[in-house]
1. Place a +1 charge on the Cβ of each Lys and Arg in segment 2-169 and a -1 charge on the Cβ of each Asp and Glu, then give the dipole magnitude about the Cα centre in debye, rounded to the nearest 20.
2. Leaving out ligands and nucleic acids, note down the accessible area per residue over segment 2-169 with a 1.4 angstrom probe, in whole Å².
3. Taking springs between alpha-carbon atoms closer than 10 angstrom, which of ARG19, ARG58, ARG83 fluctuates most in the Gaussian network model of the chain?
4. Using only protein heavy atoms and a 1.4 Å probe, report how much of ASP59 is accessible, in Å² to the nearest 10.
5. Put +1 on the Cβ of each Lys and Arg and -1 on the Cβ of each Asp and Glu in segment 2-169; which of LEU123, ALA141, HIS42 then has its Cα farthest toward the positive end of the dipole?
6. Using protein chains only and a probe of 1.4 angstrom, how many square angstrom of GLU72 are accessible, to the nearest 10?
7. What's the FRET efficiency of GLU88 with HIS42 using the Cβ-Cβ distance as r and R₀ = 30 Å, to the nearest 0.05?
8. At a 1.4 Å probe radius, which order do VAL165, VAL106 fall into by accessible area, largest first?
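The values are calculated or read from the model by the stated rules, or taken from the named source; none is laboratory data. Owing to the predicted nature of the structure, the values given are computational and were not obtained by experimental measurement. No Cβ is skipped: glycine too gets one built from the backbone with ideal geometry, and neighbour counts run over all protein chains shown. Keep in mind that these areas ignore ligands, DNA and RNA; they rest on the heavy atoms of the full protein, side chains included. Shrake-Rupley method; radii C 1.70, N 1.55, O 1.52, S 1.80 Å.
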Amino acid sequence: MASVVVEDAELLLDLLNTRPIVNGVANDRLAGAAGGRWLGAHGLPDSPADAAAARRVRDAIAAVLRGRAGAETLQPLLAGVSRTPVVEPAGVRWELHTGPAEPFGVRCVLAWSRLAESLPGRLRPCANEECGLFLLDRSRANARLWCSMSACGNRLKARRHYRRVAGRAD
Ligand SMILES: [Zn+2]
């Protein structure tokens, strides 16, 4: 069960990171043919409608994580979802029914919810505002700022250093 949770956390992080900003230009790796390829590579249905649905899920969760929308905006993604108790020899198992909701959206919102509970605040945007990516900080210190030190950390450190040096010269 734990491995499923980890997989969905990674799926959610991968999904959120399909909108990188590269050289100041926003990319969308779920747009066009690339969207189908991304979904296929993750073992998901890959029609244009599926890609459009994945973009909606991504943008909704990203807006919540960036503090631009309240968590309640994710409610429509779970419309009609229910759980039924099934009694088995080992105890009660809860069976999830997605009903009319998009199964991928349900999966992602539940992954977001589990992370919000088990690792609060650790799924967050990269501190580089020109990056567009997210990170999941699993470290004990929970002090990670960058999606990756090589891509964003070093670049911003260099820029700050340059500003300090330039400031001194004034
Ligand atoms: Zn970054």
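1. It comes to approximately 1240 debye.
2. Here the per-residue accessible area is 60 Å².
3. Looking only at ARG19, ARG58, ARG83, the largest GNM fluctuation is found for ARG83.
4. For ASP59, the solvent-accessible surface is approximately 60 Å².
5. Of LEU123, ALA141, HIS42, it is ALA141.
6. It works out to around 130 Å².
7. 0.50
8. Descending order: VAL165, VAL106.
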